[in-house]
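So the structure is just underneath, and the comments pick up after that.
The values are calculated or read from the model by the stated rules, or taken from the named source; none is laboratory data. Nothing here was measured: the structure is a model prediction, and the numbers come from that model. Side chains are part of the model used for accessible areas, which takes the heavy atoms of the whole protein and leaves out ligands, DNA and RNA. Shrake-Rupley method; radii C 1.70, N 1.55, O 1.52, S 1.80 Å.
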Amino acid sequence: MIDAINAVLPALRGLGRFATVSEVQVASDGVRASASFPRVPYGKEMARHLAARTGASSRGAIRGSFVGEERITLPLDGISYAVSPRGFFQANWGMNRAMVRRIGEILGESAGARLLDLYAGAGNFALPLAAKVREVVAVEGEARSIEELRGNVRGNALGNVRIVRSSVETFRPEGRFDALVLDPPRAGLSQRALARVREIAAGKICYVSCNPATLARDVRSLSDRYDLASFEMHDFFPNTHHVEALAVLTAR
């Protein structure tokens, strides 16, 4: 358990008196913690309740449906990875770091290679893998994630990461890519995204998924161009039925 998260939980009790709270998201870097309440109408009474329990108002740390640190910074294989608690990042950070290292092992050291990271988010894969290749092109379409990705690239002075704001479906690849990293949402790849992956024609694909069913569907759809070289299950969510899967595909 993370002490910083345990410390903030008592302050969140009683929110149901002010609004219907169906979800609370708590994030921590191991020292500090932040909590957000998606889609919750946030009023003065809730603000006073949180301020009384956390003292946050004295630091100006209550903003909308959110209390705590505006950014948390996490270590990611030599990279300082900063993200908003309201943005997406993996809940099990130790397992996430292991996944990043595993993909690095699969890709190997290739100073002249170009890597394409689709669904790049705030740079979970693009940032640490940049040390292994000549260039990383990171593609992301969501506004908050793009802002965080740009900040992380600047903050880590990564001159070989190029950011493209685009959906995967409308992305127009330029030049040849040696490897492709995919980490789509649970729904997997749309038909247009699958067509884009075929067009990119990377020599190797590392496909990360939180939904093995849609992963299997997409791997089958790409089997006309790619062979399944390996398939791994990573236990990001112990004692639940959820798993994170990694499929490695190689071009024929």
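Quick rundown of the values:
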{"read-out": "Antiparallel bridges, percent of DSSP beta bridges restricted to the chain (to nearest 5)", "value": "60 percent"}
{"read-out": "Cα-based Rg / Dmax (Å) for the chain", "value": "19.8, 62"}
{"read-out": "Residue-averaged [θ]222 nm for the chain, counting only DSSP H segments that reach four residues, each worth -39500 (n - 2.57)", "value": "-8000 deg cm²/dmol"}
{"read-out": "Solvent-accessible surface (1.4 angstrom probe) belonging to residue 15, in square angstrom, nearest 10", "value": "10 Å²"}
{"read-out": "Solvent exposure of the chain as accessible area per residue, Å², 1.4 Å probe", "value": "48 Å²"}
{"read-out": "Accessible-area ranking of 46, 95, largest first, probe 1.4 Å", "value": "95, 46"}
{"read-out": "Carbon/sulfur fraction of accessible area - the chain, other protein chains in place, 1.4 Å, %", "value": "51 percent"}
{"read-out": "Solvent-accessible area of residue 178 with every protein chain in place, 1.4 Å probe, in Å² to the nearest 10", "value": "50 Å²"}
{"read-out": "With DNA, RNA and ligands ignored, accessible area of residue 217 (1.4 Å probe; Å², nearest 10)", "value": "90 Å²"}
{"read-out": "Descending principal axes extents, the range 87-157, alpha-carbon based, whole Å", "value": "31, 25, 21"}
